[in-house]
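Asks: Take a look at the following structure, please.
The values are calculated or read from the model by the stated rules, or taken from the named source; none is laboratory data. Remember, it's a predicted structure, so these values are computed and weren't measured experimentally. Note that each Cβ is placed from the backbone with ideal geometry, even for glycine, and that neighbours are counted across all protein chains shown. For accessibility, only protein heavy atoms count, side chains too; no ligands or nucleic acids. Shrake-Rupley method; radii C 1.70, N 1.55, O 1.52, S 1.80 Å.
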Amino acid sequence: MSRKSYERGLATRRKVLGDEWVDRAIATATPFNRDFQEMITRHAWDDIWNRKGLPHPVRRMLVLAMTVAQGRWEEYRLHLRAALESGDLSQDQVKEVLMQAAIYVGVPGANTGFKEAREVIAELAAKKKARKSAKKGARKAKK
């Protein structure tokens, strides 16, 4: 069960966070934190994220709200970026999560959430623009 659970969790972790992030986490694992990486892959990414009760976009919204509540901005940015890049959440849905958080978590947390989201959205837009520019340059070079 443990190996199958790890493999299912790893597949979900890749789907939710992207290969680049997961590859980096695996590559930087050490004997000190390897057991932790394996545990979160099995328990968080298989036991919880693969439960049938909630679809992944709802789980993403919950993670965003919870990381705002805890002030865990690195995790918030990670999950926000992955949700927007995958198309699981729109910017409008993120805005609604933050509006809800303002009432139930507090305005300061939501304010920081909006600030962090603006930065991530700008980074993603710049990345998209750079990809378009590179594709355009490659097409011109072929001609």
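Asks: On the principal axes of its Cα set, how long, how wide and how thick is the stretch 95-143? Give whole Å, largest value first.
Replies: Each principal axis gives a Cα extent; for the stretch 95-143 these are 57, 14, 6 Å.
Asks: If you don't mind, another one. Only sites in a loop by DSSP and with at most 14 other Cβ atoms within 10 Å count here; which trypsin sites (Lys or Arg not before Pro) in the stretch 1-91 make the cut?
Replies: In loop regions of the stretch 1-91 (DSSP not H, G, I, E or B), the sparsely surrounded trypsin sites (Lys or Arg not before Pro) are Arg51, Lys52, Arg72.
Asks: Right, next: How far is it, in nm, from the label point at Lys129 to the one at Asn111 when both lie 7 Å from their Cα along the line to the Cβ?
Replies: Here the modelled spin labels are 2.8 nm apart.
Asks: Based on the Kirkwood radius over alpha-carbon pairs, what is the Stokes-Einstein translational diffusion coefficient of the stretch 60-106 at 4 °C with 1.567 mPa s viscosity, in µm²/s?
Replies: 125
Asks: I need the chymotrypsin sites (Phe, Trp or Tyr not before Pro) found in the stretch 1-74, filtered to DSSP loop residues with at most 10 other beta carbons within 10 Å of theirs.
Replies: Details: sites: Tyr6, Trp21, Phe32, Phe36, Trp45, Trp49, Trp73; in loops: Phe32, Trp49.
Taking the stretch 1-74 and a limit of 10 other Cβ atoms within 10 Å, the loop chymotrypsin sites (Phe, Trp or Tyr not before Pro) found are Phe32.
Asks: Can you give the extra length, in nm with one decimal, that the chain gains between Lys140 and Glu96 once fully stretched, where that is 0.36 nm per residue apart less the Cα-Cα distance? Could the numbers behind the result be given before it?
Replies: On the way: separation 44, 0.36 × 44 = 15.84 nm, distance 4.16 nm.
Here the answer is 11.7 nm.
Asks: Quick one: the Cα spread of the stretch 47-143 along its three principal axes, in angstroms, biggest first?
Replies: Computed over the Cα atoms, the extents are 56, 33, 21 Å.
Asks: Here's something else I'd like to know. On full extension of the chain, what length is gained from Ile40 through Thr28, given 0.36 nm per residue of separation minus the C-alpha to C-alpha distance? All intermediate terms of the calculation are to be shown ahead of the outcome.
Replies: On the way: separation 12, 0.36 × 12 = 4.32 nm, distance 1.50 nm.
Gain on stretching Ile40 to Thr28: 2.8 nm.
Asks: At a probe size of 1.4 Å, how large is the accessible area of Met61, to the nearest 10 Å²?
Replies: Roughly 60 Å² of Met61 is accessible to a 1.4 Å probe.
Asks: Here's a follow-up. How big is the stretch 22-81 by Rg and Dmax over its Cα atoms, in Å?
Replies: Computed over the Cα atoms of the stretch 22-81, radius of gyration and Dmax are 12.9, 35 Å.
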